[in-house]
Amino acid sequence: MKQLSNKRRDFMKTISLSLGALALAPDAFSSLSSQTQVWSPGGRQSASGGKKLGIALVGLGTYSRDQLGPSLLQTEHCYLAGIVTGTPEKAEVWSEKYGIPQKNIYNYHNFDEIAGNPDIDIVYVVLPVFMHKEFTIRAAKAGKHVICEKPMAMNSAECVEMIDACRNANRLLSIGYRLHFEPYNIEMMRLGQKKIMGNLTSVEAENGFKLLDPNVWRLKKNLAGGGALMDAGVYAIQGARYTTGMEPIAVTAKEEKTRPDIFSEVDETIRFKLEFPGGLIADCRTSFNMDLNKLRATAAGGWFEIAPAYSYSGQKGKTSGGPMNFKQVKQQALQMDDFARCVLTNEKSRVPGEEGLRDMRVIDAIYRSVKTGRRELVGK
Ligand code: NAD
């Protein structure tokens, strides 16, 4: 095995002490119940005295404001170093709250100047979907590693461009799939992929919420790419894929619309079946007009489910053998710390761009099936 550099060895030692076994395990399944989390306050140095990587958030909307910003006060290996916003008033508030210097504040026009800023190692794209491709590619060209929010892009062709751009710039790309760092979801992966209760016989995955404000970008096709499927359904696709550990080969889908006044441009509710190699079916549903939040699998020797499955916290789970009992974690802090670790050790993320691309190929096939009314193969 290739010798680890001193820097990398020290870093691995530090992070394994601070994050526990979860983030470092060769697979994500190990030592959940013994997982410990040690938070350090926000700042530029890790608890061990090492340099934290600087993250710049692009887009200071709800998710950045309520989840990512606060999580970056709890991360051990990265911190909020910069912001990119089109709203000067937000820049002022964030600058004060997080101690961000003027030189680390950009807007969408001068963003490319970030190339010359050594404080910023990672750019995190938290914008409406139609801007994901542009800012991921601009960030990579500026020499920054990139995390891009879900859904990765407007379609799978854009995902390929983003992956290529990061590869050509020799930068790492990750998608904001926080649930790969959440113990109940990791347990679903373990039980399903390792066939702990035998071969899977069925999977159910559904995610949705009520979105009734007609003015949001999520309801505009040219800004969001699609509706419930793109925004919430991607979690159900993820859940089915990581519980089975397989890639769907075909889909059938049907759209239901009860409020065409609000959902005139994008999908309101879609029921879809994912067909996996060997014939296993995942029954899925997503909606902008219903609260749905479940992931369940049945196997030859039992069943297991989590509900709520996809929330920021409060996951609960049970199996035919009894309840699941795991610690609650700050998903986004673990997710960003893991990416910082990947950058520092030059290791591919557990949730790389390719993971976003796989979901987007499924989404593309679902939209095709909605249109044709037929079974559609998932593109390769
Ligand atoms: P939001 O509407 O709250 O914020 C969007 C931000 O983009 C705002 O700051 C807005 O000013 C800015 N923006 C720039 N140009 C815009 C334009 N032309 N139209 C509209 N807004 C524009 O959205 P959000 O909920 O923060 O979502 C942002 C991204 O984060 C999306 O990709 C979303 O899917 C993702 N997200 C992920 C999670 C998760 O759990 N991983 C949760 C919520 C959102």
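The values are calculated or read from the model by the stated rules, or taken from the named source; none is laboratory data. Being a predicted model, the structure only gives us computed values, none of them experimental. Positions of Cβ are generated from backbone atoms using ideal geometry, with glycine treated the same way; all protein chains shown enter the neighbour counts. Areas reflect the complete protein model, heavy atoms only, side chains present, ligands, DNA and RNA absent. Shrake-Rupley method; radii C 1.70, N 1.55, O 1.52, S 1.80 Å.
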Which numbered condition V251 misses (of (1) within 17 Å of L357 (Cβ to Cβ); (2) under 19 Å from the mean Cα position of the chain (by Cα)): (2)
Tell me, yes or no, whether the range 262-271 has at least one residue that is under 21 Å from R368 (Cα atoms), surrounded by fewer than 24 Cβ atoms within 10 Å (Cβ to Cβ), among the hydrophobic types (A, V, I, L, M, F, W, C) and touching a residue at least 60 places away in the same chain (Cβ under 8 Å). no
Listing of helices (runs of 4 or more DSSP H) fully contained in the range 133-235 that carry 2 or more residues being more than 14 Å from the ligand (Cβ to nearest atom): 156-168, 183-193
Selected residue (only one of D337, D359, D364 is among the acidic types (D, E) and farther than 28 Å from E255 by Cα): D337
Given the criteria farther than 20 Å from Y124 by Cα and either crowded, with 20+ Cβ neighbours inside 10 Å or in contact with a helix residue (DSSP H, G or I) (Cβ under 8 Å, 6 or more places away or on another chain) (or both), does D337 qualify? no
Taking the range 236-260, which residues are surrounded by 22 or more Cβ atoms within 10 Å (Cβ to Cβ) and aliphatic (A, V, I, L, M)? A236, I237, A240, V251, A253
Kindly indicate the residue of the range 236-256 that is assigned to a loop (DSSP other than H, G, I, E, B) and touching a residue at least 60 places away in the same chain (Cβ under 8 Å) and also farthest from the ligand (Cβ to nearest atom) among those meeting that condition. I249
Evaluate the following for P118: is it under 22 Å from V343 (Cβ atoms), part of a loop (DSSP other than H, G, I, E, B) and more than 13 Å from the ligand (Cβ to nearest atom)? yes
Please tell me if R296 is open to solvent by 40 Å² or more (accessible area, probe 1.4 Å) and under 18 Å from F209 (Cβ atoms). no
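Filter the range 313-328 down to residues that are surrounded by fewer than 17 Cβ atoms within 10 Å (Cβ to Cβ) and in a loop (DSSP other than H, G, I, E, B), then give me how many there are.
8
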Considering only residues that are among the polar types (S, T, N, Q) and within 10 Å of the ligand (Cβ to nearest atom), which ones fall in the range 56-106? T62, S64, Q67, T85, T87
Among the residues that make up the range 86-103, is at least one of them open to solvent by less than 50 Å² (accessible area, probe 1.4 Å) and of a type in the set (D, E, K, R)? no
Looking at (1) away from the ligand (no atom under 16 Å from the Cβ); (2) open to solvent by less than 40 Å² (accessible area, probe 1.4 Å); (3) in a helix (DSSP H, G or I), find the lone condition where E113 falls short. (2)
Going through the range 65-98 in order, the residues found to be under 20 Å from R44 (Cβ atoms), in contact (Cβ under 8 Å) with a residue 12 or more places away in the chain, under 19 Å from the mean Cα position of the chain (by Cα) and part of a helix (DSSP H, G or I) are L68, G69, S71
Only one of I175, I196, I163, I147 is buried (at least 21 other Cβ atoms within 10 Å of the Cβ), among the β-branched types (V, I, T) and more than 22 Å from H109 (Cα to Cα). Can you tell me which? I175
